[in-house]
Amino acid sequence: MITLKEIATSLGCSIATVSKALNRMPDINIEKAEQIREAAAKMGYMPNAAARTLKTKKSRIVGLMIFLRTGTIWEHEFFSMIAAGIQSVLIANDYDMTPISCSSVRGEVNYLDYCYSRGYDGVIIISGGFTSEPVMQLVNSSLPLVSIEYAFPNRSFVQSDNTQGLREIVRYAYECGHRHIAFVHGDYMQITQDRITSFIDTCASLGIPAPTQYIKSASYHDFESNAKATRELMKLETPPTCIIFPDDYSCVGGIDELRAMGYAVPTDVSVAGYDGIRLADIVRPRLTTFRQDSEGIGQNAAKMLLKAIEKPRGATAKRVYLKGEFVPGESVVPPKACVHGLTRAIT
């Protein structure tokens with residue numbers, strides 16, 4: 001097993017200098033530190049994580065806290081892409097990441113104690129549970145923390161520009177000729193409210209109605225609730241010609257329900273998803289969607305957390321909104337003049 005002394009001897013420097021380079025301490029020349037790390041790697045040096053933690057008082061492990069009804073983060077493509085973005089930054093800075101599925105935390109929930117007991121240097125919170133007491137206890141602690149999709153006071157956060165996303169989808173449907181556009185939204189949280197507001201405001205700016213019966217509640221990443229919302233919409237006296245779903249996965253559930261009801265997609269009813277995951281390119285018709293910069297969300301969150309960990313005095317709370325990209329797809333086309341047996345003037 002290669003030791004720090006052996007590395008120091010081979011390079012003609014002190015053990016302290018080698019230690020600083022391998023632990024990425026700030027008080028060492030950057031070029032010298034990189035030279036030491038390269039030499040250590042070639043010699044086959046493997047750091048002792050436990051010893052390093054005792055010396056630096058840092059585990060170099062970050063917790064990724066996520067609230068899911070079912071499954072793990074790796075089974076949700078959108079969240080897994082965010083996690084990949086986080087991990088890429090952490091690995092480049094010699095940190096590890098541990099996903100925490102909050103539904104699997106056993107016993108009475110105390111996330112702060114949970115994180116401290118595992119020695120996490122910091123935490124990233126994503127997707128839900130934001131206002132619960134255990135989460136707020138964690139937020140109000142001194143543990144470095146960054147959130148995704150929700151803004152806490154005095155804490156950094158990052159999210160996609162959801163106002164842009166709904167605006168671009170609605171405008172595209174309008175340009176295709178749709179005047180009866182419905183929106184099925186996910187579970188209530190800040191991003192959901194942003195999307196609902198954008199949907200209503202965009203419809204108003206285009207001079208088309210956005211009646212309350214065209215705005216349906218469902219759950220993110222859930223076939224059943226989105227199928228139910230689809231059935232309710234299509235049973236309205238004036239059903240929509242285009243339905244926007246909360247995410248691409250849910251949109252597929254909506255398509256299945258429309259087909260089960262005897263409608264062809266998109267010739268009878270157009271649909272749009274959200275997120276821009278790979279699934280959107282695989283299904284037929286290819287989904288019209290809004291691709292979030294999922295990797296960028298993760299990378300920004302990781303960079304902000306590392307700054308809070310390594311330079312706590314100089315770190316100030318930042319709010320980052322990332323632009324996404326509208327993807328036309330094939331699932332939104334001009335509506336028929338006669339839809340669902342109801343004759344309509346397409347203007």
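The values are calculated or read from the model by the stated rules, or taken from the named source; none is laboratory data. Quick caveat, the model's predicted, so the values are computed rather than measured. Here Cβ is always computed from backbone atoms with ideal geometry, including for glycine, and neighbour counts include all displayed protein chains.
Observations on the model:
- Of the residues screened, E257 is not one that is among the charged types (D, E, K, R), under 22 Å from G329 (Cα atoms), assigned to a helix (DSSP H, G or I) and within 16 Å of the chain's Cα centre (by Cα).
So that you can scan it fast, the table gives a plain yes or no per residue for (1) in contact with a Gly (Cβ under 6 Å, 6 or more places away or on another chain); (2) surrounded by 14 or more Cβ atoms within 10 Å (Cβ to Cβ); (3) modelled with pLDDT under 95:
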position	(1), (2), (3)
Q292	yes, yes, no
A301	no, yes, no
L305	yes, yes, no
G314	no, no, yes
A317	no, yes, yes
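- Hits in the stretch 323-347 (condition: assigned to a strand (DSSP E or B) and modelled with pLDDT of 95 or more): E325, F326, V327
- Selection within the stretch 207-219: residues that are of a type in the set (G, A, S) and without any contact (Cβ under 8 Å) to a residue 60 or more places away in the chain. The member of this set that is surrounded by the most Cβ atoms within 10 Å (Cβ to Cβ) is A218.
- Filtered residues of the stretch 182-201 (kept if in contact with a Leu (Cβ under 9 Å, 6 or more places away or on another chain) and surrounded by 22 or more Cβ atoms within 10 Å (Cβ to Cβ)): A182, F183, V184, R195, F199
- Residue in the stretch 203-212 that is over 26 Å from the mean Cα position of the chain (by Cα) and within 30 Å of L68 (Cβ to Cβ) present: yes
- In the stretch 1-13, the residues that are surrounded by 12 or more Cβ atoms within 10 Å (Cβ to Cβ) and over 20 Å from D94 (Cα atoms): E6, A8, T9, S10, L11, C13
- The set of residues from the stretch 121-179 being part of a helix (DSSP H, G or I), among the basic types (K, R) and buried (at least 18 other Cβ atoms within 10 Å of the Cβ) comprises just one member, R167.
- Candidates T202, T197 - the one that is within 22 Å of V327 (Cβ to Cβ) and either modelled with pLDDT of 95 or more or in contact with a Cys (Cβ under 9 Å, 6 or more places away or on another chain) (or both): T202
- Qualifying position, being in a helix (DSSP H, G or I) and of a type in the set (G, A, S), among A264, A280, A210: A280
- Set A173, A204: member being over 23 Å from A151 (Cβ atoms), out of contact with any helix residue (DSSP H, G or I) (no Cβ under 8 Å at 6 or more places or on another chain) and without any contact (Cβ under 8 Å) to a residue 12 or more places away in the chain: A204
- In summary, V271 fulfils each of the numbered conditions (1) touching a His at 6+ places or on another chain (Cβ under 7 Å); (2) in a strand (DSSP E or B) with the single exception of condition (1).
- T241 being surrounded by 15 or more Cβ atoms within 10 Å (Cβ to Cβ), closer than 25 Å to Q299 by Cβ and touching a His at 6+ places or on another chain (Cβ under 6 Å): no
- Look at the stretch 138-157: where a residue is under 13 Å from C115 (Cβ atoms) and a partner is among the aromatic types (F, W, Y), sitting 6+ places away or on another chain with Cβ atoms under 8 Å, you get L138/Y111; V139/F152; L143/Y116; L143/Y120; L145/F152.
- Failed item in (1) touching a helix residue (DSSP H, G or I) at 6+ places or on another chain (Cβ under 6 Å); (2) in a helix (DSSP H, G or I), with T192 passing the rest: (1)
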